[in-house]
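Heads up, the thing below is written out as structure tokens.
The values are calculated or read from the model by the stated rules, or taken from the named source; none is laboratory data. Everything numeric in this text was worked out from a predicted model, so none of it was measured. Cβ: placed from backbone, ideal geometry, glycine included. Neighbour counts: every protein chain shown. Heads up: the accessible areas ignore ligands, DNA and RNA and are worked out on the full protein's heavy atoms, side chains in. Shrake-Rupley method; radii C 1.70, N 1.55, O 1.52, S 1.80 Å.
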Amino acid sequence: QVHLVESGGGLVQPGGSLRLSCVASGSGFDINAMGWFRQAPGKSRELVATITRSGVLNYADSVEGRFTISRDNAKNVVYLQMNSLKPEDTAVFYCYASINIRWVINDYWGQGTQVTVSS
């Protein structure tokens, strides 16, 4: 009964910025953590950033200092501010949530939003 919807992807020049948003909607759930993963063609899906309900942060080394994850727990929304974007950041970005439903922990994924960094 949970689905995640991303928004904010697009085409940006190297050095530019984008802000991604993801909202978790449904009923009868509690969110343990939310975050972002990405997958480039021919590559495995990799962690970008996560944030727990209590605010513990985790960033991939490749984005540390450039990306900032934040959340609004009351609205079940997570954001990813991406600055100083590089061509190697090009990927489909997927929203992630770890959610409890009746004591059971489940992982949920959004459909993805394309981020393309190119001149």
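Details
- ³J(HN,Hα), Karplus 6.51/-1.76/1.60, whole Hz, each residue of the stretch 73-87, x for Gly, Pro: 4, 5, 9, 6, 10, 10, 10, 9, 8, 10, 10, 6, 5, 10, x
- For the stretch 20-85, the list of trypsin sites (Lys or Arg not before Pro) that fall in a loop by DSSP and count at most 13 other C-beta atoms within 10 angstrom reads LYS43, ARG53.
- Cα radius of gyration and Dmax for the chain (Å): 13.9, 48
- For the chain, the solvent-accessible area works out to 54 Å² per residue, with a probe of 1.4 Å and every protein chain left in place.
- Solvent-accessible area, 1.4 Å probe, carbon plus sulfur percent, for the chain: 48
- For the chain, averaging the sequence separation of C-alpha pairs within contact (under 8 Å, six or more residues apart) and dividing by the residue count gives a relative contact order of 37 percent.
- Cleavage-rule hits, GluC sites (Glu not before Pro), the stretch 40-119, DSSP coil, Cβ neighbours within 10 Å at most 12: GLU64
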